[in-house]
Protein chains: 2
Amino acid sequence: MADNKKLVNAITPMDQDFAQWYTDIVKKAEMIDYSSVRGCVVIRPYAYAIWENIQKIFDGMIKARGHENVAMPLFIPESLLQREKDHVEGFAPEVAWVTYGGSEKLEERLCVRPTSETLFCEHYAHIVHSWRDLPKLYNQWCSVVRWEKTTRPFLRSREFLWQEGHTIHATEEEARRETLDILDCYAELCEKYLCIPVIKGRKTDREKFAGAEETYTIEAMMHDGKALQSGTSHYFGQGFAKAFGIQFADKQNNLAYVHQTSWGISTRLIGGIIMTHGDNEGLVLPPAVAPIQAVVIPVAQHKPGVLEKAQQVAQQLQQAGLRVKLDDSEQSPGWKFSEYEMRGVPVRIELGPRDIEQGVCVLVRRDTREKAVVPLSGLVQAVQDLLADFAAAIYRKAKDNLESNIVSARTIDEMKAALEGRPRFVKAMWCGDEKCEEAIKELTGMPSRCIPFEQEKVGEVCPVCGRPATKMVIFGIAY
Amino acid sequence: MADNKKLVNAITPMDQDFAQWYTDIVKKAEMIDYSSVRGCVVIRPYAYAIWENIQKIFDGMIKARGHENVAMPLFIPESLLQREKDHVEGFAPEVAWVTYGGSEKLEERLCVRPTSETLFCEHYAHIVHSWRDLPKLYNQWCSVVRWEKTTRPFLRSREFLWQEGHTIHATEEEARRETLDILDCYAELCEKYLCIPVIKGRKTDREKFAGAEETYTIEAMMHDGKALQSGTSHYFGQGFAKAFGIQFADKQNNLAYVHQTSWGISTRLIGGIIMTHGDNEGLVLPPAVAPIQAVVIPVAQHKPGVLEKAQQVAQQLQQAGLRVKLDDSEQSPGWKFSEYEMRGVPVRIELGPRDIEQGVCVLVRRDTREKAVVPLSGLVQAVQDLLADFAAAIYRKAKDNLESNIVSARTIDEMKAALEGRPRFVKAMWCGDEKCEEAIKELTGMPSRCIPFEQEKVGEVCPVCGRPATKMVIFGIAY
């Protein structure tokens, strides 16, 4: 039975075909189902529970910082989307248009929000009058739609779930601080909770958000050496405020425009978790967001006392605040072992008649498959310690992957050489000219990922034009 | 200052114009803002926080019952919507249609989900094969769109937030039990947490959901005697299962169709809270969902020690798990008093220098405005007791309104007479013929609300046709 199931569920090895490995996991771990609208997927309970855990963590972070949640409309009238020039240029080509309500043609077509800057701006213009009304620190959890040509579950879909924060401030300084503070929150979410190391930096003008003065980003490296832009935070200056007339009377009673930010993370992070931690057996989930942190699997469960003890153990762990599942189904233990490995459950607890006799159980961790026999009396602490160690270990492993696949290059040839065999991140100097950035993309296939906050001097001159260069940029192939 | 503000924020008395009273509250308590798409509103932080509290309570209830959350796509292809005949007839006239993706015309137009039966069915057909896969107890929190002609914030809008549960079961009995169990959860949510008494019953065929075999409902009475359908739960039998081919191999290995339910509550409940508990000063919020359960207002806050003590008091209450706000802004205490009355905060805590000297503070409850001087040493308990008493009191008041405005009638004339002066609920016998139900609506203006579970015999015959009648039905004008 176990072997049979294993065969059915076989996951393509990642060395053989990384894209197929990814697709196998999202399907076989029951994370998504395809719908009849191309590029729109069903997020199934197991993946949605991960998203709920991410939401809980991040929502807590921003509420502690004074942010409030709201719900903006789903639809943006075409004229409203057009109000900020750069913004509409960036988004209009990829929005879905509603043209009929029932059998009636609409007077003005409405786009399904691809992002909600324009809606927040319209609202802010209504409600902000005085410096007393500032700042407004709003956020919403919702789905947005971008009519992408090529799609992949979690990484790029026509509809995706996200949070979008939109804040307005009386001063530039405060808005800039907000932009960076949120980037720190994103980095903390990724590093501490998702165990994904990230590089913080600023996007070049070519790569920044449509309508932003500055876009900051956290970039993560996947198993295959490609980059995943995992969260972005934008400083808008007063561009939107002027386009939408968001003014306030300051303390001297002079009218001034607000300074604005927006920032977002999405279900794409679930794709990041898969491609950072997963292996050839399936998912490996960070304990902080794993829907099941430990699974209890009774061995010889029909023997007297086994199931009762397993229930006790599960309950005890649940009472300690852990997310624990007892699988007492009719499937064989072997089947269950591979099933929960595939689903990335961090810890498996095996419990059979002999264990019970000796007052112990067997803990098996998902990442290394190491086994440990632990006394039932100290189980809660042992599982908690193991989860903490597990989180640290998968973070370290991901950090090792990042560090050993990031190389410095001084010339275009060195940049190309760095990509031999597999994608990597390449650090190179840059003169600041967008033409050179484009040339690098054309010659190496790599767009810039970011200008990292932690700068190094990996050379003196721009590899394209040879002019003096002071900025170090990370280039890489991205999802 | 206080008087000035009061004037600005004056709410139209409800006796004068109930609809305007409602609109004044949603605007002035900063619950909604209108967007430039008619019928789509911004749900502002204060109202959204109420919704988050409702979500937390109900999500906890259904998760404890084994339900799982998922995310279905926003779009339904026209052909998929058409798969179940009654369903499409009910919804097609009021959906928004997407016809373009970017600049490309879509081959098939997509509707923005008005409800997601068809999407869940398509997914269930993919994933259900054996009795081992059943039941599936799925739910999603999302927004849906119905292109209504006339709209009112929370009560009827073109987009609204809701949860929609969709379950499938191996047996009719289990599905029918689920339908009714969920109705009980809805009633518990309304009565215990929102302090809104409801009448549980079954909808007549004329009023049931498009595609359902049975629709169950909870009906609440608003201040003005009109009904608010506050939650519905549908039993579908095998209609959708047959239209979508949702089959499973049962324990005898015979193919069978699943039995299905769906059920929903929405942000309409926020409208119900306003119209059940609000008064001429503004909102009155049930403590279980009030964003702020108690507000601490320092009096003479510039005197030494006042603000410090107020902070201590607020903190102490927060640590006891209460949602407490300290308003230490520059506004006058009088302004603050009326502001938080308007916002419906259940308890106000006044604290001035003399109170502090005497080790007391003043508690003022929102519903009756009764004041009590309580020692600071026992404040946490006093506030908790007051909130419990407050919840019981506003429930009783609403129940009194319901009971004193529900009348029995034996004839059409008696039914009309019951409505003199104001809307009421009218109990009348009914023969079961849809024609008589329609005649009653035509003659009295009242559609049927439900066939209540708690039946009474208010007469012998149908008031329209005079034939013997065994079912007692509640009629009423509805939002």
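Restricting attention to the range B:24-77, which residues are more than 12 Å from chain A (Cβ to nearest Cβ) and touching a Lys or Arg at 6+ places or on another chain (Cβ under 8 Å)?
Narrowing the range B:24-77 to residues more than 12 Å from chain A (Cβ to nearest Cβ): B:24-26, B:28-29, B:54, B:57-58, B:60-62, B:64-65.
Listed by number, the list holds a single entry, B:29.
Checking residue A:306 against (1) touching an Asp or Glu at 6+ places or on another chain (Cβ under 7 Å); (2) farther than 30 Å from residue A:425 by Cβ; (3) buried (at least 19 other Cβ atoms within 10 Å of the Cβ), only one condition comes out false. Which one?
(1)
Working carefully through the options B:352, B:359, B:321, find the one that is at pLDDT 95 or above and crowded, with 16+ Cβ neighbours inside 10 Å.
It is B:352.
For residue B:31, work out the one condition from (1) in contact with a strand residue (DSSP E or B) (Cβ under 7 Å, 6 or more places away or on another chain); (2) crowded, with 20+ Cβ neighbours inside 10 Å; (3) within 25 Å of residue A:116 (Cα to Cα) it doesn't fulfil.
Of everything listed in (1) in contact with a strand residue (DSSP E or B) (Cβ under 7 Å, 6 or more places away or on another chain); (2) crowded, with 20+ Cβ neighbours inside 10 Å; (3) within 25 Å of residue A:116 (Cα to Cα), residue B:31 misses just condition (1).
For the range A:338-377: of the residues being part of a helix (DSSP H, G or I), of a type outside the set (D, E, K, R) and free of Cβ contacts under 8 Å to residues at least 24 places away in the same chain, which is farthest from residue A:302 (Cα to Cα)? It would help to see each step written out before you state the result.
Filtering the range A:338-377 down to residues part of a helix (DSSP H, G or I) leaves A:338-342, A:353-358, A:376-377.
Then keep just the ones that are of a type outside the set (D, E, K, R); that gives A:338, A:340, A:342, A:353, A:356, A:358, A:376-377.
Still in the running and free of Cβ contacts under 8 Å to residues at least 24 places away in the same chain: A:358, A:377.
Numbers: A:358: 18, A:377: 23 Å.
Among residues in the range A:338-377 that are part of a helix (DSSP H, G or I), of a type outside the set (D, E, K, R) and free of Cβ contacts under 8 Å to residues at least 24 places away in the same chain, the one farthest from residue A:302 (Cα to Cα) is A:377.
Just to verify a result, which residue in the range B:83-103, among those that are of a type outside the set (S, T, N, Q) and part of a loop (DSSP other than H, G, I, E, B), is farthest from the other protein chains (Cβ to nearest Cβ)?
It comes out as B:84.
Considering the range A:244-277 alone, what residues qualify as being within 28 Å of the chain's Cα centre (by Cα) and either at pLDDT below 95 or of a type in the set (Phe, Trp, Tyr) (or both)?
Across the range A:244-277, the qualifying residue is only A:263.
Name the pairs whose Cβ atoms lie under 8 Å apart, with the first residue in the range B:140-156 and assigned to a loop (DSSP other than H, G, I, E, B), the second of a type in the set (S, T, N, Q), and 6 or more positions between them or separate chains?
Correct list of pairs: B:148/B:157; B:151/B:157; B:153/B:23; B:154/B:267.
Among the candidates B:37, B:26, single out the residue that is at pLDDT 95 or above, surrounded by 15 or more Cβ atoms within 10 Å (Cβ to Cβ) and in the same structural domain as residue B:271 (by TED's automatic domain parsing).
Numbers: B:37 fails: at pLDDT 95 or above.
Every option except B:26 fails the conditions.
Across the range A:40-53, what is the total count of residues that are surrounded by fewer than 23 Cβ atoms within 10 Å (Cβ to Cβ), within 19 Å of residue A:264 (Cα to Cα) and not aromatic (Phe, Trp, Tyr)?
The total comes to 2.
If you take the residues in the range B:302-325 that are part of a loop (DSSP other than H, G, I, E, B) and of a type in the set (A, V, I, L, M, F, W, C), which one is nearest to residue B:387 (Cα to Cα)?
The extreme case among them is B:322.
Which of (1) in contact with a Ser or Thr (Cβ under 8 Å, 6 or more places away or on another chain); (2) within 8 Å of chain A (Cβ to nearest Cβ) is the odd one out, the single condition residue B:21 does not satisfy?
(2)
Filter the range B:326-337 for residues that are of a type outside the set (Lys, Arg) and assigned to a helix (DSSP H, G or I); which is surrounded by the fewest Cβ atoms within 10 Å (Cβ to Cβ)? Show your work before the answer.
Going residue by residue through the range B:326-337, those that are of a type outside the set (Lys, Arg) are B:326-335, B:337.
After this cut, where a residue has to be assigned to a helix (DSSP H, G or I) as well, the list is B:333-335, B:337.
Numbers: B:333: 16, B:334: 14, B:335: 20, B:337: 18.
Across the range B:326-337, the extreme among qualifying residues is B:334.
Those residues that are more than 32 Å from the chain's Cα centre (by Cα) and within 7 Å of chain B (Cβ to nearest Cβ), I need them from the range A:104-126; list them, please.
Result: A:126, single match.
Taking the options A:219, A:281, name whichever one is closer than 30 Å to residue A:24 by Cα and surrounded by fewer than 19 Cβ atoms within 10 Å (Cβ to Cβ).
When all the criteria are applied, what remains is A:281.
For the subset of the range A:194-223 comprising residues that are assigned to a loop (DSSP other than H, G, I, E, B) and within 17 Å of the chain's Cα centre (by Cα), which member is nearest to residue A:21 (Cα to Cα)?
A:223
Only one of (1) in contact (Cβ under 8 Å) with a residue 60 or more places away in the chain; (2) at positive phi is not met by residue A:131, so which one is it?
(2)
In this structure, does residue B:241 turn out to be buried (at least 22 other Cβ atoms within 10 Å of the Cβ), part of a loop (DSSP other than H, G, I, E, B), modelled with pLDDT of 95 or more and of a type in the set (A, V, I, L, M)?
In short, no.
Would it be correct to say that residue A:172 is at pLDDT 95 or above and either surrounded by fewer than 23 Cβ atoms within 10 Å (Cβ to Cβ) or of a type outside the set (Val, Ile, Thr) (or both)?
It is true that residue A:172 is at pLDDT 95 or above and either surrounded by fewer than 23 Cβ atoms within 10 Å (Cβ to Cβ) or of a type outside the set (Val, Ile, Thr) (or both).
Within the range A:244-271, work out how many residues are surrounded by 22 or more Cβ atoms within 10 Å (Cβ to Cβ) and assigned to a loop (DSSP other than H, G, I, E, B).
So the answer is 3.
Matching residues to (1) in the same structural domain as residue B:208 (by TED's automatic domain parsing); (2) more than 29 Å from the chain's Cα centre (by Cα); (3) not aliphatic (A, V, I, L, M):
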residue	(1), (2), (3)
B:128	yes, yes, no
B:135	yes, no, yes
B:154	yes, no, yes
B:171	yes, yes, yes
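Being more than 10 Å from chain A (Cβ to nearest Cβ), within 17 Å of residue B:55 (Cβ to Cβ) and not basic (Lys, Arg): is that true of residue B:194 here?
Here the answer is yes, as residue B:194 does meet what is asked.
The values are calculated or read from the model by the stated rules, or taken from the named source; none is laboratory data. Computed from a prediction, not measured in an experiment: that's the story for all the values here. Cβ sites come from the backbone with ideal geometry, for glycine too, and all protein chains shown count toward neighbours.
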